[in-house]
1. I need the full set of residues from the stretch 95-117 which are farther than 25 Å from ALA197 by Cα and surrounded by fewer than 19 Cβ atoms within 10 Å (Cβ to Cβ), in order please.
2. Going by the structure shown, is ALA71 among the aliphatic types (A, V, I, L, M) and either modelled with pLDDT under 95 or closer than 17 Å to LEU320 by Cα (or both)?
3. Can you name the residue in the stretch 7-59 that is more than 14 Å from GLU80 (Cα to Cα) and small (Gly, Ala, Ser) and, of all such residues, is modelled with the lowest pLDDT?
4. Is the stretch 409-427 home to any residue that is under 30 Å from ALA215 (Cβ atoms) and outside any helix (DSSP H, G or I)?
5. So, in the stretch 187-197, of the ones that are of a type outside the set (Ser, Thr, Tyr) and surrounded by 16 or more Cβ atoms within 10 Å (Cβ to Cβ), which residue ends up nearest to PRO305 (Cα to Cα)?
6. Hey, could you check the stretch 57-85 for residues that are closer than 21 Å to THR312 by Cβ and not aliphatic (A, V, I, L, M) and say which is surrounded by the most Cβ atoms within 10 Å (Cβ to Cβ)?
7. Output the number of the condition that GLU54 fails; it satisfies all remaining conditions of (1) in contact (Cβ under 8 Å) with a residue 40 or more places away in the chain; (2) surrounded by fewer than 18 Cβ atoms within 10 Å (Cβ to Cβ); (3) more than 22 Å from THR312 (Cα to Cα).
8. Given the structure, is LEU168 under 17 Å from the mean Cα position of the chain (by Cα) and of a type outside the set (Lys, Arg)?
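The values are calculated or read from the model by the stated rules, or taken from the named source; none is laboratory data. Predicted model, so just to flag it, every value in this text is computed and none were measured. Every residue, glycine as well, gets a Cβ built from its backbone with ideal geometry; the counts of neighbours run over all protein chains shown.
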Amino acid sequence: MSERTLRVAVLGCGAVGSQVVRLLTEQHDDLAARVGAPVELVGVAVRRLDAPREVEVPEGLLTTDATALVARDDVDLVVEVIGGIEPARSLILSALDNGASVVTANKALLAEDGPTLFEAAAKAERDLYYEAAVAGAIPILRPLRESLAGDKVTRVLGIVNGTTNFILDKMDTSGAGFSEALEEAQQLGYAEADPTADVEGFDAAAKAAILASLAFHSRVTASDVYREGISEVTAADVASARDMGSVVKLLAICELRPGPNGDQVAARVHPAMIPRSHPLASVREAYNAVFVESEAAGQLMFYGPGAGGAPTASAVLGDLVTVARNRLAETRGAGESAYADRAVQPMGETRTRYHVAIDVDDRAGVLAAVANAFADHDVSIQTVRQEGRGADAQLVVVSHAAPDAALSATVEQLRSMDIVREVTSVMRVEGGDE
């Protein structure tokens, strides 16, 4: 074992940070054996010294001066788990500039301004690792960055937000509406008091940007990701999916699609119906799963707890061990890989399928008129069925794959037709035949 001691500073002591501190303290000897040198916690930056905490921080380590902590010349490794854009970005850049390697769980910052951080790490010749930024304890980023580095990844499809998966699972299993399921999620601690980031898809979009960037060796930001949340999903949508042998999930979908000058990156987050036979359909409650397709390896699935203090801290500590080993060996791990520099395909050009439920007049010629609306936009119909009669007549149409803009235009035309009382549901369909 090396005589050198590696000194660690932790920024943040909330749900994740407190578990990082606990693991660093409780597993001190094991971590030293795995790293090859002692790992010493030298400071924990917090907003308030007197705030209640899940774990007891060793005396003398708490500080409210995060700026001074990351600027210390004796700090080798900085763990950032405070989240948000600022001051996290400035603190990470300062840590790198002062010679520390960095482990972060900050998905929002990486999705908004990852290139700035990667460039700073390269300039400082230090590591920037971020496994915990996507899917909690599930090891997905390192397989994309390292294990599949010799393969061509073509698609990444995932459930990457536990809150929305819990809500949709409850709607499917109990028949509850969105508001009821959200309230239960909040009572159980799966959803925040303000659930906007989760239920409107912002959290999943940030993770999709990170996944797409790694998988396709191109810079993708959260603003490049098409986003829809689940707040408009109704119990009727979930029941209709059940009738089709499907289930509704909020999916992060990143894939290579043909473009005018080669492959383009398509990245989107939205609720979709997937067949119950699909591996992702069985992901229950607040669990996450990521399904990867590549040319040589084929189909791979990664599954586990996608959030929570201890699971996320597990991913942080995994990165910490790797970064610490690199410091001892005076080397660096793989940095940003953006050589492909692929363009991002607009959502309107991305091919998908629609499930459309339409309240219609129950009279002759209605089905033909609806079919003509789809034909007007070169959208082929896969299945159509009628439910109810008279005032309760409804057509449920599932299309074949078509550009999203054509499908959207079809829906708008349907809404303008005299025979259509209301388009009651529009949802994309994934999996199965196109």
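1. Hits for the stretch 95-117 are ASP97, ASN98, GLY99.
2. no
3. Looking at the filtered set, the residue picked out is ALA51.
4. Yes: the stretch 409-427 contains one or more residues that are under 30 Å from ALA215 (Cβ atoms) and outside any helix (DSSP H, G or I).
5. Here the answer is ALA191.
6. So the residue we want is GLU80.
7. Only one criterion in (1) in contact (Cβ under 8 Å) with a residue 40 or more places away in the chain; (2) surrounded by fewer than 18 Cβ atoms within 10 Å (Cβ to Cβ); (3) more than 22 Å from THR312 (Cα to Cα) is unmet by GLU54, namely (3).
8. It is true that LEU168 is under 17 Å from the mean Cα position of the chain (by Cα) and of a type outside the set (Lys, Arg).
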